[in-house]
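Worksheet for the structure shown next.
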Amino acid sequence: MVVYIEFCSAIKDGDIGRIEQILKRITIMFQASNNKNYALELLRLRYNIRHKWTDTRKRAIFSSLLINTQGLPHRWIAGDLYQEFNNLLTKRTHATVGFKTSTMSYITPLIRLFHVIHKKMRAEYKLTDESAFHRDVTPEGDILIIVNSLKESNILGVEKCPVAHEGVAPVQDLMVEGVQALQKGGFARFVKRMAEEESDRTDNTATELEEALSDEMLIRLDDERSRSEKYLNSLFN
Amino acid sequence: MVGENLGEELTSRRPITPALVDIMLNKSDMEQFKVVYRHHLSRVLKPGLKSGSLSLSLSIPPITPLAPRVTEAYEMAAMEIDQSSVEGNMLVLEEMRKVIGKCKGSFELLKMLIAGDHLTVSRIHSLQERKVGDVNPFDQLLWAIPVLQLFHMQMILCSAILRIHHGHIAQPGSLHYYKTKLGRRRLNLDSPCHHTADEFLRTVFAAMVRQMWQAKHVSFVQKKILICCFHLNTKIVNFHPTAFFFRISTLRAQGPYQATTFSQNSTTLSAPIFSTRTLYAVNTLQQTSIVFSL
């Protein structure tokens, strides 16, 4: 959970160094989770950072993943969260004008402007918000309920391994299992895949080159054939 | 960022075979994570601690922070293109090229970041593999750098935590148990609401940290009392560890040889321990002084 909190915190602070640092752990953890696609992409990202990108490129790429709509410190968000928010605004606006391509084409590029106008209108005419939006309530009450429950069940207390919890299965440790997954063939599969991609790239280039060459040769042969035909015709005529 | 220098690619070298050591954490990563741990645990225990020397000493030193500035973003018009297919992604890129008004040939000297979810990134990779032999630089897609976006990773990580710690409804300590106890909805394992899941996980985490801290505190108090008892050659009578599950706000007795009273949720405990001497123990993180009567 600390990994998740740190990841969110690093994004919010706009600290790309901390994002890169915590992504190392997330890369290992994902190897043990069900998201094999993300696990592979994170390995590829790590490889690019280590061996393919210069520091300038790395910095440019990571900084492009973050957006700060207000220009204030600790107000950074991920670029795709911004996009998701735009999608939500678009859907809300579309609900009033209908889902037509003609309307969508002009609404979406101006969606942020519409959002500003919407807020201004509400403020000017003192309209109450009829949506389900609510301010965050303090979680203190819920925290106390859980703390009391933990105490009652003798969980995370002074006693390290209470007898009552002996039969409870341990929780999956993603870090440990991630390292094991990498050592037991996960990393070898990644290396193989990278090698295959590399060879595909070079093979494709080679095939294309061969094709280009053979085309050129065919043209030349055709040319020579026509020339020889002309020559023979000239001999017999 | 438009026009930002994307630097050179290390293509001059031969492709380097990935090594496991590149993925594994080293000693400095471990040290850095200790600082991270300390910071986030202290934030949970003392949410109001945002300034002062203690806050500074517990904060995470920035590594590469970005200078705050308003990011300019330009939204494209909605398109009727099926983005789930490889061809659909190519059509989207084509539309993007038209919007920015660049000819296909100009992409030879360009590098552009294409950030998206896993589906987008994998489709771009497929396109790059397929179109490597194309004639014009735009169709070759060598200019595109596909990268995963961060919010999608946040969502996946959040869901993974929820799934792993979900457990059984009848099992105290599991998330399923607390989900029911707190009456949380929209937290099904297949597609949980990210906002709700985030708030729920942070609440449970805060509760667990507090419980662990209090338990550690009790064990600390017990140890101190035992040490003092040893030094003073005295004996504890009527000691209840649960009597220390509280934070003392007022100390009624300040003198070293007076009887001290403790308050816990307005219940007064009058010197549960044999009272002869007084011990002052100061907890620096919680900034509370605790007086024990011995």
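The values are calculated or read from the model by the stated rules, or taken from the named source; none is laboratory data. If you're wondering where the values come from, they're calculated on a predicted model, not measured in any experiment. For neighbour counting, all protein chains shown are included, and Cβ atoms are generated from backbone atoms with ideal geometry for every residue, glycine included. Keep in mind that these areas ignore ligands, DNA and RNA; they rest on the heavy atoms of the full protein, side chains included. Shrake-Rupley method; radii C 1.70, N 1.55, O 1.52, S 1.80 Å.
Tabulated data
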read-out: Leading residue at positive end of dipole, the stretch B:170-218 (Cβ point charges), from B:214, B:172, B:187; value: B:214
read-out: Dipole axis of the stretch B:1-153 (+1 Lys, Arg; -1 Asp, Glu on Cβ), positive-most option in B:45, B:20, B:135; value: B:45
read-out: Compactness of the stretch A:50-89, expressed as Rg and Dmax over alpha-carbon positions, Å; value: 12.9, 40
read-out: Averaged over B:31-41, number of beta-carbon atoms from partner chains that fall within 10 Å; value: 4
read-out: Spacing of the two label points (7 Å from each Cα toward its C-beta) at residue B:99 and residue A:36, in nm; value: 3.4 nm
read-out: Lys, Arg +1 and Asp, Glu -1 on Cβ, resulting dipole of the stretch B:90-172 about Cα centre, debye, nearest 20; value: 60 debye
read-out: Between B and A, accessible area buried - total, square angstrom, nearest 100, 1.4 angstrom probe; value: 9600 Å²
read-out: Set A:151/B:46; B:34/B:216; A:36/B:46; A:120/B:111; A:12/A:91; A:24/A:160 screened for pairs whose C-alpha atoms are more than 29 Å apart; value: A:36/B:46; A:120/B:111; A:24/A:160
read-out: Protection proxy ranking of A:112-120, A:5-13 - average other beta-carbon atoms within 10 Å, highest first; value: A:5-13, A:112-120
